1. Which residues, counting only those in the stretch 215-230, are surrounded by 16 or more Cβ atoms within 10 Å (Cβ to Cβ) and under 21 Å from the mean Cα position of the chain (by Cα)?
2. Go through the stretch 265-295 and report how many residues are touching a residue at least 24 places away in the same chain (Cβ under 8 Å) and farther than 18 Å from GLY415 by Cα.
3. Please return the ranges of helices (runs of 4 or more DSSP H) entirely within the stretch 207-322 where 3 or more residues are in contact with a helix residue (DSSP H, G or I) (Cβ under 8 Å, 6 or more places away or on another chain) and within 20 Å of LEU401 (Cβ to Cβ).
4. Within the stretch 369-387, identify whether any single residue is touching a strand residue (DSSP E or B) at 6+ places or on another chain (Cβ under 6 Å), of a type in the set (Val, Ile, Thr), surrounded by fewer than 17 Cβ atoms within 10 Å (Cβ to Cβ) and in the same structural domain as GLY277 (by TED's automatic domain parsing), and answer yes or no.
5. Going through the stretch 12-25 one residue at a time, which ones are modelled with pLDDT under 90, part of a loop (DSSP other than H, G, I, E, B) and in contact with a strand residue (DSSP E or B) (Cβ under 7 Å, 6 or more places away or on another chain)?
6. Any residue at all in the stretch 206-223 that is among the charged types (D, E, K, R) and either within 24 Å of TYR425 (Cα to Cα) or touching a His at 6+ places or on another chain (Cβ under 7 Å) (or both)?
7. If you go through the stretch 328-351 one residue at a time, how many are more than 15 Å from the chain's Cα centre (by Cα) and either of a type in the set (D, E, K, R) or at pLDDT 95 or above (or both)?
8. Right, GLU233: at pLDDT below 85 and surrounded by 11 or more Cβ atoms within 10 Å (Cβ to Cβ) or not?
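The values are calculated or read from the model by the stated rules, or taken from the named source; none is laboratory data. From a predicted model like this one, the values you see are computed outputs, not experimental measurements. Here the Cβ positions follow ideal geometry from the backbone for every residue, glycine too, while neighbour counts run over all protein chains shown.
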Amino acid sequence: MARFELKLPKMGESVAEATITNWLKEVGDAIEADEAVLEIATDKVDSEVPSEVSGILVEKLFGKDDLVQVGQTIAIIETEGGDVTPVVSGAEAPAEVAAVEKTVDAAKESVATSDYSESDKFFSPLVKNIAKEEGVSLGELELITGTGKDGRVTKSDILEYVKNKGNQSVVAPVKAVETPVAVQSSAPVAQKAAPVSLSGGDEIVEMDRMRKLIAGYMVASVQTSAHVQSFIEVDVTNIVKWREKNKLAFEKREGEKLTYTPIFMEAVAKAIKDYPGMNISVDGDFIIKKKNINLGMAASLPNGNLIVPVIKNADQLNLVGMAKAVNDLGGRAKAGKLKPDDTQGGTYTVTNVGTFGSVFGTPILNQPQVGILALGAIRKMPAVIETPEGDFIGIRQKMFLSHSYDHRVVDGALGGSFVKRVAEYLEAFDVNRDV
């Protein structure tokens, strides 16, 4: 018999840790190679960790809701034999493993803390998990001086607090560039939610993990950015005609369905190249000009939640490449197969509210981006058509584009010009274009 260490796999360059949300196997259960052993979650994506070997689960080193670093051993599987990763134990264990074990033991022995939901302050799931593991009470957490945006407590802040816990002379580090006091005093103040009355027939259902995250992101976005919108109506008759003419041949040749989304994404990528001022983010008093154009594509999940996978370097894709990227990310989103890196690095987001019949919408910014475009439903509309012989009324395919942008750094001239350019690219679509 041999023992195999099941480690938290690498999930992308930008992901260093994950939270265990559910164990699918218990100690003593048989496990097949490639069978999922547990479910994990990062800030945006839920996924499974499969076993690389067949055997029996003999030990779980972490519990539900524990935070695990990439590369850490999370379980021990006993196998029949073969080449397996040796288990480090006893005095041979390296210092970092011993430290992890000490943290886990302390967390298990400490009194269970709350989920910190009673606080008026916003704490990220990562910060709350660390606080829970380290036995930091809600009162302590609220007293930590945050160095993040709008004074939020970051991972570094909570780890620094834990490191220096008990030393009253140590305070959280201060950012090199501070927001002026006058600006700080005008920041939005968190308000307590109004009390909710319940009747006998009401049902109370707790939000799932992802819905809690979405709720936090949305509230934080509204509190961070000054949202403003511009709307424009677009004639997409040529696009509708072209797609109807070519969709069957495209699917036969490429093995991919041709939807409207890649056509819209292509136009957005072109407009961003024309107006790079929309491809930025804000960090305090600084503007970060993004080199790459990475388009987020809001996707609805079967459980009603929302996720935003990202098409990297979208401006470098032709229509075929864009269609493949859209279909791949959309399909894996619905199947719950997205990787953490699939949702990272977005610089601008597009959401299709027309899928649900909405004519237009006012979407909330996907922080730290400064723009998001909502695509309305395509509808047949009567329109005035200008010809050399005069004007007449005809039936055209039209839709609305709704552009939300951050008025801290994007004024109406840029926000309006950008969405107008997207409309111009769509209306100029060549009905005779090769597939």
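1. Within the stretch 215-230, TYR217, ALA220, SER221, THR224, SER225, HIS227 qualify.
2. Residues flagged as touching a residue at least 24 places away in the same chain (Cβ under 8 Å) and farther than 18 Å from GLY415 by Cα within the stretch 265-295 amount to 7.
3. It comes to 237-254, 261-274.
4. Within the stretch 369-387, one or more residues are touching a strand residue (DSSP E or B) at 6+ places or on another chain (Cβ under 6 Å), of a type in the set (Val, Ile, Thr), surrounded by fewer than 17 Cβ atoms within 10 Å (Cβ to Cβ) and in the same structural domain as GLY277 (by TED's automatic domain parsing).
5. ALA16
6. Within the stretch 206-223 (the criterion being among the charged types (D, E, K, R) and either within 24 Å of TYR425 (Cα to Cα) or touching a His at 6+ places or on another chain (Cβ under 7 Å) (or both)), the answer is no, since none of the residues qualifies.
7. Of the residues in the stretch 328-351, the ones more than 15 Å from the chain's Cα centre (by Cα) are 328, 331, 335.
Those left that are additionally either of a type in the set (D, E, K, R) or at pLDDT 95 or above (or both): 328.
Here the count works out to 1.
8. Judged against the criteria, GLU233 is not a match.
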